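> My questions all concern the structure below.
The values are calculated or read from the model by the stated rules, or taken from the named source; none is laboratory data. As the structure is a computational prediction, the values presented were derived from the model and not from experiment. Note that we place each Cβ from the backbone using ideal geometry, even for glycine, and neighbour counts take in every protein chain shown. Remember, those area values only see protein heavy atoms, side chains included, never the ligands or the DNA or RNA. Shrake-Rupley method; radii C 1.70, N 1.55, O 1.52, S 1.80 Å.
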Amino acid sequence: MPRLQDRVAVITGGTSGIGEACVHLFAREGARVVLAGRSEEKGKGIEARVRQEGGTALFHKTDVSRADQVKSLMEAARKHFQRIDILVNNAGIGQQTPLHQMEEEEWDRVLDINLKSVYLCSRYALPVMQEQKGGSIINMASILGLVGFPGAGAYNASKGGMRLLTRNMALEYARDGIRVNSICPGFIETPMIEKELDPETLKDLAEAHPLGRLGKPAEVASVALFLAGEESSFITGSDIFVDGGYTAR
Ligand SMILES: NC(=O)c1ccc[n+]([C@@H]2O[C@H](COP(=O)([O-])OP(=O)(O)OC[C@H]3O[C@@H](n4cnc5c(N)ncnc54)[C@H](O)[C@@H]3O)[C@@H](O)[C@H]2O)c1
């Protein structure tokens with residue numbers, strides 16, 4: 001029996017990297033997936049590929065930092081599939097500017113997309129989950145929500161905030177049967193880091209993981225699947241580090 005049979009999952013940032021890996025894995029496990037992202041072309045392409053593989057997916061163009069668009073995303077999920085069982089707050093952007101050179105607009109953009117989006121998406125998904133008396137929310141935080149990284153001040157702050165918001169939500173909604181956890185990946189081979197960092201830096205970063213390499217999107221998606229499904233039924237308010245030992249030092 002597929003592990004997410006007939007569950008409805010909303011996955012933000014589902015058009016690339018870790019989110020895209022979650023979309024395919026969740027659909028293979030029987031979930032009806034609503035993927036949110038900004039690129040219509042990429043989103044429609046992924047939607048079509050999932051359908052070719054025999055799964056169910058719906059792309060909804062969404063900027064997760066905009067309340068009106070997030071509201072419309074959750075309404076679309078409900079209209080098409082009647083429920084929302086799983087929310088993966090995955091959309092995010094990286095950042096590489098020392099604090100003293102960072103313009104206010106950049107700070108706001110990183111915090112809006114990485115952290116405010118978690119509030120907005122949860123704000124509109126939680127009432128549906130409360131009505132259903134259950135749900136699982138997975139926040140894609142980072143090892144950089146635990147340890148600092150030069151040049152990543154706004155990113156560090158957003159991911160640290162995300163981890164504590166996870167605990168807040170876990171407590172507030174536990175009695176509604178809603179579990180809320182975060183995943184803290186190490187450096188994962190996705191466009192986010194491949195676009196931003198040069199090959200030499202990527203090599204050094206791979207070395208900084210005790211396992212001696214970067215992670216793969218599928219290695220994060222499999223943990224999201226675990227948190228989404230019944231196998232993690234007594235886990236809430238936790239962070240799961242998927243970091244090849246990076247934070248074990
Ligand atoms: N790659 C890593 O090393 C790494 C490590 C730790 C945590 N993460 C986190 O994992 C998540 C996914 O990152 P990724 O590595 O797959 O990167 P990615 O760049 O491949 O994917 C990010 C996705 O978020 C979407 N997105 C960005 N801004 C958005 C917005 N305003 N509205 C809607 N969608 C938006 C992008 O379109 C894309 O689909 C992010 O939250 C990131 O911070 C990544």
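> Out of everything in segment 1-16 that is within 10 Å of the ligand (Cβ to nearest atom) and crowded, with 24+ Cβ neighbours inside 10 Å, what residue ends up being farthest from the chain's Cα centre (by Cα)?
15
> Then there's this: Which residue is nearest to residue 135 (Cα to Cα), if the candidates are limited to segment 34-56 and must be away from the ligand (no atom under 14 Å from the Cβ) and crowded, with 19+ Cβ neighbours inside 10 Å?
If we take residues in segment 34-56 being away from the ligand (no atom under 14 Å from the Cβ) and crowded, with 19+ Cβ neighbours inside 10 Å, then 55 is nearest to residue 135 (Cα to Cα).
> Related question: Quick one: in segment 170-194, which of the residues that are aliphatic (A, V, I, L, M) and surrounded by fewer than 16 Cβ atoms within 10 Å (Cβ to Cβ) is nearest to the ligand (Cβ to nearest atom)?
Among them, the one singled out is 171.
> Taking residue 108 as meeting all but one of (1) open to solvent by 20 Å² or more (accessible area, probe 1.4 Å); (2) over 20 Å from residue 191 (Cβ atoms); (3) away from the ligand (no atom under 14 Å from the Cβ), write down the number of the exception.
Only one criterion is unmet by residue 108, namely (3).
> Which residue pairs have Cβ atoms under 6 Å apart, sit 6 or more places apart or on different chains, and have a first residue in segment 177-190 that is farther than 16 Å from residue 118 by Cβ and a second that is more than 10 Å from the ligand (Cβ to nearest atom) and open to solvent by less than 10 Å² (accessible area, probe 1.4 Å)?
These pairs meet every condition: 186/209.
> Another one. Which numbered condition trips up residue 227, out of (1) in contact (Cβ under 8 Å) with a residue 60 or more places away in the chain; (2) aliphatic (A, V, I, L, M); (3) outside any helix (DSSP H, G or I)?
Going through the list (1) in contact (Cβ under 8 Å) with a residue 60 or more places away in the chain; (2) aliphatic (A, V, I, L, M); (3) outside any helix (DSSP H, G or I), residue 227 breaks only (3).
> Just the residues that are closer than 14 Å to residue 57 by Cα, open to solvent by less than 20 Å² (accessible area, probe 1.4 Å) and in a helix (DSSP H, G or I), please, taken from segment 17-31.
19, 22, 23, 26, 27, listed by residue number.
> Quick test for you: out of 227, 197, 146, pick the one residue that is aliphatic (A, V, I, L, M), modelled with pLDDT of 95 or more and over 24 Å from residue 31 (Cβ atoms).
146
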